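A short worksheet on the structure shown next.
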């Protein structure tokens, strides 16, 4: 019954979550349908049974707060919007820090000191992980945030190339790994994973198209 779905969606849609919403909708709708059928079995007409079923389910605002409290911190972070200026600032900080390390490494190389190169490699691994995280967060949204994925994904690839070269240089004395084919495959692994996740998310969200298209205004 569409009226039951609309009531459930009014409760669930304001919740700051993503993948948990499917479970929330399913469970609330099951409770609401069961209550509705019970009230109909007691002799109430459809409208009266609907009103009573909604009352038994609870106040929508209270249910929304309860559901929000059940969402994990990671999932809340995953759906937190990042304004364009924030993305640009993070990207510029990453590029600036990388440029500073390149300069420091160049000076150390002139002195034959490889320890700085290895430390710089560790730093760039961490930086690459941060960029990949933000790119991944953009993929797992209900609506993929292609701007975030593109900006942070490109930065992650650049930094990833950097740390692979730094480690290779510090350990072998060569900035380009001896087996270039393995290095290329390593570069493609994470982007390929993100693409696969994005495709799976698009296919998954098709199942909830009916929910997303519900008009919950009013009532």
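Within the span defined as segment 23-31, one or more residues are closer than 23 Å to residue 74 by Cα and touching a residue at least 40 places away in the same chain (Cβ under 8 Å).
Take the residues in segment 54-85 that are part of a helix (DSSP H, G or I), surrounded by 11 or more Cβ atoms within 10 Å (Cβ to Cβ) and out of contact with any helix residue (DSSP H, G or I) (no Cβ under 8 Å at 6 or more places or on another chain); name whichever of them is modelled with the lowest pLDDT. The residue in question is 76.
The values are calculated or read from the model by the stated rules, or taken from the named source; none is laboratory data. Values in this document were obtained by computation on a predicted structure and should not be read as measured data. Every residue, glycine among them, receives a Cβ derived from its backbone with ideal geometry; neighbour counts consider all protein chains shown.
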